[in-house]
Amino acid sequence: MTVAVTRKELKRTQILNAATKLFVEQGYANISMDFIAKSAEVSKQTVYSHFGSKEELFAASIKQKCDSYQMLDLSIENIDDPFEFLLELARRFVSMVTSDAAVAVHKICAYESTTYPQLSELFYQAAPERICNDIAQLMERLTREGHLDITDFHFAALQFLNIVKGEICLQVEFNVKQRATQEEIENYLVSSVKLFMKGYAK
């Protein structure tokens, strides 16, 4: 039984990896389920057994890419240093949203939003909305454990994510040549987390 489940998960990952690569490189409209199946070296029937439609596969690809950055893999029993906790969260978020794949998917959704308006909705649900909801839960935990004083956890999550994005995200999105250095990014994140914590200090 365990072997069967493992093989199924391996096939799913195989399909997701192939689909993500194709979507990022060639867009959404240009890719068919047949093409994805060939790239993943599985049958079309296998692809449909895991994903009911191309839209569902697109959403799953986005989710998998977000998960690969381990944004919320901060499962520690005790948050002894909330500043370091939030700073690491900020680092992972910025790393994710400035990645080539994230920028490419964002451009795909923007470019094909007229022809495929559902793509933007799928992207929003699979990435920004899900991440914001998860961060809101972290804000609730930080408040419950006495580190911060937050009443609207979702609002605070939005503030945190938008504060830490900073200029680097705009630089990457518009592909400008001169960008902030790693040191400048780190200094900005440190300052942003301090500002956020000061605003919600007990």
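Each reported figure results from applying straightforward, stated rules to the coordinates on display, with no laboratory input. Treat the numbers as computed from the prediction; the structure is a model and nothing was measured. Reconstructed Cβ throughout: ideal geometry from the backbone, glycine too, with neighbour counts over all protein chains shown.
Return the loop-located trypsin sites (Lys or Arg not before Pro) in segment 101-192 (DSSP other than H, G, I, E, B) with at most 12 other Cβ atoms within 10 Å of their own Cβ; answer none if there are none.
K177
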For segment 144-158, list residues with backbone N below 20 Å from a point placed 7 Å from the Cα of N78 toward its Cβ? 144-148
Low-density loop positions, chymotrypsin sites (Phe, Trp or Tyr not before Pro), segment 1-63 - DSSP coil, at most 16 other Cβ in 10 Å: none
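Could you calculate the FRET efficiency of Q26 with D67 from 1/(1 + (r/R0)^6), where r is the beta carbon distance between them and R0 is 22 Å, rounded to 0.05?
Efficiency at R0 = 22 Å is approximately 0.45.
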Using 1/(1 + (r/R0)^6) with R0 = 41 angstrom and r between the beta carbons of A201 and Q118, what's the FRET efficiency to the nearest 0.05? 0.45
Quick check: the angle from helix 54-68's long axis to the longest principal axis of the chain, C-alpha only, nearest 10 degrees? 40
Could you work out how far apart the two model spin labels at K107 and Q45 are, taking each label as a point 7 Å from the Cα in the direction of the beta carbon, and quote it in nm? 3.9
So, relative contact order of segment 97-157 in percent, Cα under 8 Å, 6 or more apart, is 23
Give a quick list of chymotrypsin sites (Phe, Trp or Tyr not before Pro) in segment 115-195 that DSSP marks as loop, anything other than H, G, I, E or B, with at most 16 other Cβ atoms within 10 Å. F174
Pulled fully out, how much extra length does the chain show between R91 and E184, if you take 0.36 nm times their separation in residues and subtract their Cα-Cα distance? 32.2 nm
Semi-axes a, b, c in Å (a largest) for segment 2-58, each sqrt of 5 times a Cα gyration tensor eigenvalue, come to 20, 11, 9
